[in-house]
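The values are calculated or read from the model by the stated rules, or taken from the named source; none is laboratory data. The structure displayed is predicted, hence computed values, not measured ones. Cβ coordinates were reconstructed from backbone atoms using ideal geometry, including for glycine residues, and neighbour counts include every protein chain displayed. SASA here: full protein model, heavy atoms, side chains in, ligands and nucleic acids out. Shrake-Rupley method; radii C 1.70, N 1.55, O 1.52, S 1.80 Å.
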Amino acid sequence: MTPAPSVILFTVLSGMGFGLLAFLGAGFVQPVGWVAFFHWGLGYALAVGGLSAATFHLGNPQRALRAFTQWQTSWLSREAWASVVTLLLLAPVALSDWLGLGWPRVTGLIGAVACFGTVFTTSMIYAQIAAVPRWNNWTVPVMFLSFELTGGALLAGQVWPALIGGIALILALYAHKTKGDVAFAKRGQTLGKATGLDQVGSATVFEQPHTSPNYLMREMIYVVARKHVARLWPIAFGAAAILPAGMVVLLPHHLLTFAMAAVIHLTGAAASRWLFFAQAEHVVGLYYGQR
Amino acid sequence: MTQLPTHTDKKLGLVIDLDTCVGCQACVTACKGWNDQGYGAELSDQNPYGAEPSGTFLNRVHSYQVQPDIGAAQIINFPRSCLHCEDAPCVTVCPTGASYKRTEDGIVLVNEDACIGCGLCAWACPYGARELDQAAGVMKKCTLCVDRIYNENLPEEDREPACVRTCPTNARHFGDFADPDSKVSKLVAERGGYDLMPDLKTKPTNKYLPPRKKDIPQEASLLAPLLDIQATGFAGWLDKVLGKLG
Ligand code: SF4
Ligand code: SF4
Ligand code: SF4
């Protein structure tokens, strides 16, 4: 699948934003006054900014509200609901922290759970697609949730959650990579099987149906250079999980440490999300003899 | 509504005969010609006269070279369009309800006025049957020529999909798979029509007929049958004598 910058940006930023909001909502940090304003503001900015980045790739964004209608079957619709409900649930707590109103934090706790629910719905948009075997398994939600936990903990300045998140992320990335690397072969689809021509003999492409790439090929067929993959995976593991977790444990617990760790984590998250798309092969590529 | 119907009265679809398709692309052209001026947004082209022309088509014809275990390699042409699946994953993923499957005849359609062009349905379709129109920003797909098949303004013989009507070799057939006595159901039964990627559990309506077995080229001399003719009379006597000498 072609890694579109808007979608990479959306999933990475909103994941991190909802992570931060979860820690704020659950009261792990309870800033007051303007510090609270900036904390909550950052969480909202990342979450909302990510969501609006997602509308960049829509063909007709003016009708985006219609995406709320099909929550009964569509994970994308569920995501729309989950994110709006979560942001609304957390609003009173944010306001109360900022203005020192002392309102009860119950909705904050529910909102914190809803933050993870929202990222889960995001991950299911990908994990539900059987035509992309690399995505079609449990490692996708686990990986997205681990990213949320780690990113949120770093932004909220939480040492132990960041460490736990980092370890979860290493395991999740590893599981996603190893399961993903064999997923296409395991689905057992080949050009011969996709066309049914294996009944006749071994099939290869003789002529393409069109002379230059179409929407399908631009969207679903993306051939990644092996050397990029070999280079990016270590960056994903190192920058997203190992380095930030190590930094918060070993370095002094200073704002700067967390800020640096968060930026490094973001780089790793972007690298890993690029791989998530670039390495995912859609079965339609079989018809073109390309994956 | 993106909930799939549990039952459709009819199951309209196509049978594609891989034995007779010659890959002429007439169905591709007829499809684009009809659907460019009827149902929904037109099928736009980008850079049509440039170096890399590209555009929206609802039907594509691939061409494969197939090498059997014995005998010569064959070219098999392979038309690919929406299969109007019973368990259509493209429908359930749609967030807006723009994608739907009709209860009356099982046709899978897009309501373009509701489509936000998110592209998720095209991701969900294993067969590459959906293309996002780059000019209109809405999803386009085969409608089974829903604006022809019920159109009483057209002469009876034209009330079938444009691709079927145009195919010069009769490689495309249209009908109701829910009716076991329909032409398409019979063809599938007789010729061993099959589903594409059945493992993905989409339950396609459209079926493909496999190419028929080709003759094996003969190793023996073409005159072999002549050599077996039993001569009679004088020739027969000569044959016998010469046979003894030999
Ligand atoms: S072929 Fe693709 S677009 Fe058509 S119904 Fe099946 S899944 Fe949907
Ligand atoms: S592109 Fe249109 S039809 Fe397809 S899933 Fe999105 S809104 Fe639905
Ligand atoms: S018109 Fe008929 S013969 Fe020509 S490519 Fe289409 S299906 Fe094949």
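Estimated from the Cβ-Cβ distance and a Förster radius of 60 angstrom, the FRET efficiency linking B:ALA235 and B:GLN25 is about 0.55.
Each of A:ALA36, B:GLN37, B:VAL93 was scored by the projection of its Cα onto the charge dipole of the protein assembly as shown, and the greatest displacement toward the positive side belongs to A:ALA36; charges sit on the C-beta of Lys, Arg, Asp and Glu.
Taking one equal scatterer on every alpha-carbon of the stretch A:26-94, how large is log10 of I(q)/I(0) by Debye at q = 0.17, 0.29 1/Å? The Debye formula, applied to the Cα set alone, gives -0.73, -1.34. Taking every C-alpha pair closer than 8 Å and separated by at least 6 residues, the mean separation divided by the residue count of chain A gives a relative contact order of 23 percent. Neighbours of B:VAL22, meaning other residues whose beta-carbon lies under 14 angstrom from its beta-carbon, give a summed charge of -2 when Lys and Arg score +1 and Asp and Glu score -1.
When chain B is treated as a GNM, springs tying every alpha-carbon pair under 10 Å, which of B:GLY128, B:GLY192, B:GLY117 comes out with the largest mean-square fluctuation? Checking each option, the largest mean-square fluctuation is seen for B:GLY192. In this calculation the C-beta distance from B:GLU52 to A:ARG226 is compared with R0 = 41 Å, giving a FRET efficiency of 0.95.
Taking the protein heavy atoms of chain B in the context of the full set of protein chains, the accessible area attributed to carbon and sulfur is 54 percent at 1.4 Å. Normalised by residue count, the stretch B:1-121 yields a Cα convex hull volume of 167 Å³ per residue. For chain B, averaging the sequence separation of C-alpha pairs within contact (under 8 Å, six or more residues apart) and dividing by the residue count gives a relative contact order of 27 percent. Only lysines eight or more places from A:LYS186 in sequence, or on another chain, were considered; those with a Cα closer than 22 Å are A:LYS177, B:LYS201, B:LYS203. Simple spin-label estimate for A:TRP138 and B:ASN170 gives 5.5 nm between the two label positions (7 Å along the Cα-to-Cβ direction from each Cα).
Full extension of the chain between B:ASP179 and B:LEU242 yields a length gain of 15.9 nm, computed as 0.36 nm times the residue separation minus the alpha carbon distance.
Separation of the stretch A:94-144 and the stretch B:60-90, taken as the distance between their Cα centroids, equals 42 angstrom.
Accessible surface computed residue by residue for chain B, with neighbouring protein chains in place and a 1.4 Å probe, gives 49 Å² per residue. Across the protein assembly as shown, Cα-Cα pairs farther apart than 39 Å form 38% of the total. GluC sites (Glu not before Pro), restricted to the stretch B:148-213: which are DSSP loop and have at most 12 other Cβ atoms within 10 Å? Sparse-neighbourhood loop GluC sites (Glu not before Pro): B:GLU152. So if a site counts as exposed when it's one of the trypsin sites (Lys or Arg not before Pro), its DSSP state isn't H, G, I, E or B, and it has at most 13 other Cβ atoms within 10 Å, what's the longest stretch of chain B without one? My reading of the result: B:1-200 is the longest stretch. Panel note: contact residues of the stretch A:64-87 (accessible area lowered by at least 20 Å² against the chain on its own; 1.4 Å probe) correspond to A:ARG66, A:ALA67, A:GLN70, A:GLN72, A:THR73, A:SER74, A:LEU76. Residue by residue along A:186-192, Cβ atoms of other protein chains within 10 Å of the local Cβ number 2 on average.
What the Cα convex hull of the stretch B:12-209 gives, in volume per residue, is 145 Å³.
Note on A:ASP198 and A:TRP81: the extension gain reaches 37.6 nm, defined as 0.36 nm multiplied by sequence separation minus the Cα-Cα distance. Spin-label pair A:LEU65-B:ASN111: with each label point 7 Å from Cα along the Cα-Cβ axis, the two points sit 1.6 nm from one another. For chain A, modelled as a GNM whose springs connect Cα atoms under 10 angstrom apart, the maximal fluctuation among A:PRO141, A:PRO92, A:PRO133 occurs at A:PRO92.
Legend: mean number of C-beta atoms from other chains within 10 angstrom of residue C-beta atoms, peptide A:50-62, equals 3. Approximating the spin labels as points 7 Å out from Cα along Cα→Cβ, the A:LEU251-to-A:THR178 distance works out to 3.1 nm. Rounded to the nearest 20, the Cβ-based charge dipole of the stretch A:138-291 about its Cα centre (Lys and Arg +1, Asp and Glu -1) stands at 220 debye.
For the protein assembly as shown, the Cβ-based charge dipole about the Cα centre amounts to some 1300 debye (Lys, Arg positive; Asp, Glu negative; other atoms uncharged).
In summary, the helical segments of chain A meeting the span-like criteria, namely a full DSSP H run, a Cα extent along the axis of 18 angstrom or more and a mean Kyte-Doolittle hydropathy of at least 0.5, are A:5-25, A:33-54, A:75-99, A:106-127, A:139-155, A:159-187, A:255-278. Taking the charge dipole of the protein assembly as shown about its Cα centre, with +1 at Lys and Arg Cβ atoms and -1 at Asp and Glu Cβ atoms, the residue from B:GLY243, A:ALA183, B:TYR150 reaching farthest to the positive side is A:ALA183.
The mean number of Cβ atoms from other chains found within 10 Å of a Cβ in peptide B:79-87 is 1, as a whole number.
Please name whichever of A:MET260, A:PRO3, A:VAL249 sits farthest to the positive end of the charge dipole of chain A, dipole taken about the Cα centre and charges placed at Cβ: Lys and Arg +1, Asp and Glu -1. Comparing the listed Cα positions along the dipole, A:PRO3 ranks first.
Of the listed pairs B:LYS214/B:LYS240; B:LYS11/B:LYS214; B:LYS10/B:LYS140; A:LYS179/B:LYS10; B:LYS141/B:LYS183; B:LYS183/B:LYS213, which have alpha-carbon separations greater than 29 Å here? The answer is B:LYS214/B:LYS240; B:LYS11/B:LYS214; A:LYS179/B:LYS10. The Cβ shell under 9 Å around B:ASP195 holds other residues with a net charge of +2, Lys and Arg each +1, Asp and Glu each -1.
Straight-line reach from A:LYS193: taking Cα to Cα under 19 Å and skipping same-chain neighbours fewer than 8 places apart, the aspartates and glutamates in range are A:GLU207, A:GLU281, B:ASP17, B:ASP19, B:ASP69, B:ASP195, B:ASP199.
Of interest is the spacing of the C-alpha centroids, which for the stretch B:1-59 and the stretch A:251-291 amounts to 36 Å.
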